1. Roughly speaking, what % of Cα-Cα pairs in the range 77-212 are separated by over 26 Å, rounded to a whole number?
2. Estimate the FRET efficiency between VAL57 and TYR148 by the formula 1/(1 + (r/R0)^6), using the beta-carbon distance for r and 41 Å for R0, to the nearest 0.05.
3. Using 1/(1 + (r/R0)^6) with R0 = 25 angstrom and r between the beta carbons of LEU136 and LYS49, what's the FRET efficiency to the nearest 0.05?
4. Evaluate the distance, in nm, between pseudo-label points positioned 7 Å from the Cα of ILE86 and of TRP109 along their respective Cα→Cβ axes.
5. As a footprinting exposure proxy, order TRP129, TRP174, TRP109 by other Cβ within 10 Å, with the fewest listed first.
6. Ranking ASP24, ASP104, ASP173, ASP193 by Cβ neighbours within 10 Å, fewest first, what do you get?
7. Can you sort GLU69, GLU64, GLU56 so the residue with the fewest Cβ neighbours within 10 Å comes first?
8. How much of the pair distance distribution for the range 23-70 lies past 18 Å, counting alpha-carbon pairs only, in percent?
Amino acid sequence: MKIKLLIILIFISLFTYSQEKYTDIVYLANGDRVSGMIIDRNDSAQLIKLNLKKNEVITIYYDEISRIEGHQINKSDNKTYKSLGIGFGNSYGEIGLLYQQKIDSKIAWAYHLGIGIYPDFYGVNPAIWYNAGLKLYTYKWVYVDVTYGVIERNYYREAYKNELGTSLLIGADWFIYNKIGLNAAFGIASVSDREKVAVDYLVIDIGIFIKLGKK
């Protein structure tokens, strides 16, 4: 439990740090400058949208801009990409790696595969965990995730065994820099080898991922 709490605290610290550092400075042609976070960049309309610290969104046209410093939004952030992550939780195989490919068509969705290890925290023999899932992005980086794989390890008939089941999670993938993101999700899981569907466990995902490729 202490290890899990430590991982959660590290994740929260990273997310807080990323929010503080995630700043763009837009220098205007008239000599002024505006600080915030670029949330949209429209080349056809020749404009950007900047979210200020007070959650006020302003529109600035390209011909008003002298230069931009800091993170500039990558239009592929919400498009098709492949990523590799490391983390803790359901989709990561307890503590392990997660490969994901997001596909942005008319409906944004992604599939992911995770494999990890259940550590020997309490004298339980370590075991390999695995999980596969399908995400449906409902709003920008927010998604609903259905997964299948190992959800728990329990003592049964004088031996420890992995329990397989289906999980339903709600989560988000945040890009904190051009190619680096944070992932967090929570949900419920049900063991597969039972006659009736029931909520057997609460599950979470917490991880850091990097987008693969040049874009």
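1. Details: 2102 of 9180 pairs.
Value for the range 77-212: 23 percent of Cα pairs lie more than 26 Å apart.
2. 0.55
3. On the way: r = 26 Å, r/R0 = 1.02.
After rounding, the FRET efficiency stands at 0.45.
4. Between ILE86 and TRP109, the label points sit 3.2 nm apart.
5. Details: TRP129 22, TRP174 18, TRP109 15.
The order, fewest Cβ neighbours first, is TRP109, TRP174, TRP129.
6. Values: ASP24 19, ASP104 14, ASP173 24, ASP193 7.
Arranged by neighbour count, lowest to highest, ASP24, ASP104, ASP173, ASP193 become ASP193, ASP104, ASP24, ASP173.
7. Ascending number of Cβ neighbours within 10 Å: GLU56, GLU69, GLU64.
8. Values: 201 of 1128 pairs.
The proportion of pairs with Cα distances above 18 Å equals 18 percent.
Read-outs throughout are calculated quantities, based only on the coordinates presented, and are distinct from any laboratory measurement. Quantities reported herein were computed from a predicted structural model and do not represent experimental measurements. Quick reminder, even Gly has a Cβ in these numbers, built from the backbone with ideal geometry, and neighbours come from all protein chains shown.
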